[in-house]
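Enquirer: This is the structure I want to talk about, given as structure tokens.
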Amino acid sequence: MLVNFFKYQATGNDFVIINNLTNIFNKNDTKLIARLCNRRFGIGADGLILLESSSDFDFKMIYFNADGRESSMCGNGGRCIVAFARRMGIIKDTAVFAAVDGQHEAKIEATQISLKMQDVKLIENKGGGIILDTGSPHYVSMCKDLGNLNVQIEGAKIRNNSLFLENGINVNFVDPIDSENFAIRTYERGVEGETLSCGTGATAVAIAMHASQKTNSNCITLQTQGGDLEVRFRFKHASYIDIWLRGSVNYVYEGSFEHNF
């Protein structure tokens, strides 16, 4: 049996997306998902996303890392699945969908898609960095020479630190450009390497920079390796609320594969 797939990318963070409204795809087959995400033996992607039906929302998003395991929220993946849902005629210019971390809202403006993220209430200093969860756990560290940093080596050191081994953590290195613009590079767990962009990572960096008083702005631009992302938020009663992640999303191509690939 042939299974259709669609390839999308959001500032270089790329995903295989499958319409699973009729449950044609076996989401327990971690080996298949890992093969599909493999860049030499499969389609190639940072992760795989299933669009499934929901009785309470427009649709449900299920996200898998490139290693084949179901994972926590993916911000860029969430923006890509919104673009895909519109392409499928499931939504128009707005959406409310379910993900592993709860309900998300989204807005579409041409190629720009905004995604509302979960509130952030807990921010900690741990292991020499700032720790917070923006749907996925993130470590944020300042870096003065970001362009020459070996993210693969330095990111892996932190990701595999015994402090974070229980659930793993994503690692973000950030270099301030000015008070409203920050360059970032991210090492993602599950990919076990650097990705060109990370939506939950960009969100984490924006909030961490505000929390550590590196900026007073509530609208921050994050320059990733794959393009710019914008994060807006409000700070109220020691919590970050009304958080929106905005950036471009692009359809790349579509195809099909044998289910026993």
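Enquirer: Using a 10 Å cut-off around each Cβ, can you sort C37, C143, C74 from fewest to most neighbouring Cβ atoms? Mind dumping the intermediate values first?
Expert: Values: C37 25, C143 18, C74 29.
Exposure proxy ranking, most exposed first: C143, C37, C74.
Enquirer: D228 to M1: FRET efficiency via 1/(1 + (r/R0)^6), r the Cβ-Cβ distance, R0 45 Å, to the nearest 0.05?
Expert: That gives a FRET efficiency of 0.65.
Enquirer: How far apart, in nm, are the 7 Å Cα→Cβ label points at D67 and Q103?
Expert: Inter-label distance under the simple model: 3.3 nm.
Enquirer: Report the label-to-label distance for T111 and N218 in nanometres (one decimal), using points 7 Å from each Cα along the Cα→Cβ vector.
Expert: Placing both labels 7 Å along Cα→Cβ, they lie 3.0 nm apart.
Enquirer: Next up: Relative to the first principal axis of the alpha-carbon coordinates of the chain, what is the inclination of helix 199-211, with its axis defined by its Cα atoms, in degrees from 0 to 90 and to the nearest 10?
Expert: Around 20 degrees separate the two axes.
Enquirer: Please give me the summed charge of the neighbours of Y251: other residues whose Cβ is under 13 Å from its Cβ, Lys and Arg +1, Asp and Glu -1. The partial results should precede the final answer.
Expert: Working: positive: K7, R79, R86, R87; negative: D14, E254.
Residues close to Y251 contribute a combined charge of +2.
Enquirer: Further, regarding this structure: Helix 75-87 versus the longest principal axis of the chain: what angle, 0 to 90°, nearest 10, using Cα atoms?
Expert: The two axes meet at around 40 degrees.
Enquirer: Within a Cβ distance under 12 Å of T30, other residues only, what is the Lys/Arg minus Asp/Glu net charge?
Expert: Values: positive: K27, K31, R35, R69; negative: D29, D67, E70.
Local net charge: +1.
Enquirer: Also: Can you sort V231, V191 so the residue with the fewest Cβ neighbours within 10 Å comes first? Provide the component values of the computation, followed by the final result.
Expert: Numbers: V231 29, V191 19.
Ascending Cβ contact count within 10 Å gives the list V191, V231.
Enquirer: Would you kindly state how much longer the chain becomes between F41 and N167 on full extension, computed as 0.36 nm times their sequence separation minus their alpha carbon distance, in nm to one decimal? Don't skip to the end; give the middle numbers.
Expert: Values: separation 126, 0.36 × 126 = 45.36 nm, distance 2.79 nm.
Computed gain between F41 and N167 is 42.6 nm.
Enquirer: While we're here: If a paramagnetic tag sat 7 Å from the Cα of E258 along the Cα-Cβ line, which residues of the range 23-44 would have the backbone N under 13 Å from that point?
Expert: none
Enquirer: Given the DSSP H assignment, sum -39500 (n - 2.57) over each helix run of at least 4 residues in the chain and divide by its residue total; what's the result at 222 nm in deg cm²/dmol, nearest 500? Show your work: numbers first, answer last.
Expert: Working: 4 runs with 43 residues, N = 261.
Roughly -5000 deg cm²/dmol at 222 nm, from the helical runs in the chain.
Enquirer: Are there trypsin sites (Lys or Arg not before Pro) in the range 64-101 that DSSP puts in a loop and that have at most 14 other Cβ atoms within 10 Å, and which ones?
Expert: Those satisfying the criteria are R69, K92.
Enquirer: With each label point set 7 Å from Cα along the Cα-Cβ vector, what nm distance links N250 and K92?
Expert: Between N250 and K92, the label points sit 2.8 nm apart.
Enquirer: When only C-alpha pairs under 8 Å and at least 6 residues apart count, what is the relative contact order of the chain, in percent?
Expert: 22 percent.
Enquirer: Using each residue's phi in the range 142-155, evaluate 6.51 cos²θ - 1.76 cosθ + 1.60 at θ = phi - 60° and report the 3J(HN,Hα) Karplus result to the nearest Hz, with x for Gly and Pro.
Expert: Each residue's phi maps through the Karplus curve to give 6, 8, 8, 10, 4, x, 9, 6, 8, 5, 4, 6, 5, x Hz.
FYI, it's all coordinate maths here, none of it is from the lab. Only a predicted model underlies this, so the values are computations on that prediction, with no experimental measurement involved. All Cβ positions, glycine included, derive from the backbone under ideal geometry; neighbour counts span all protein chains shown.
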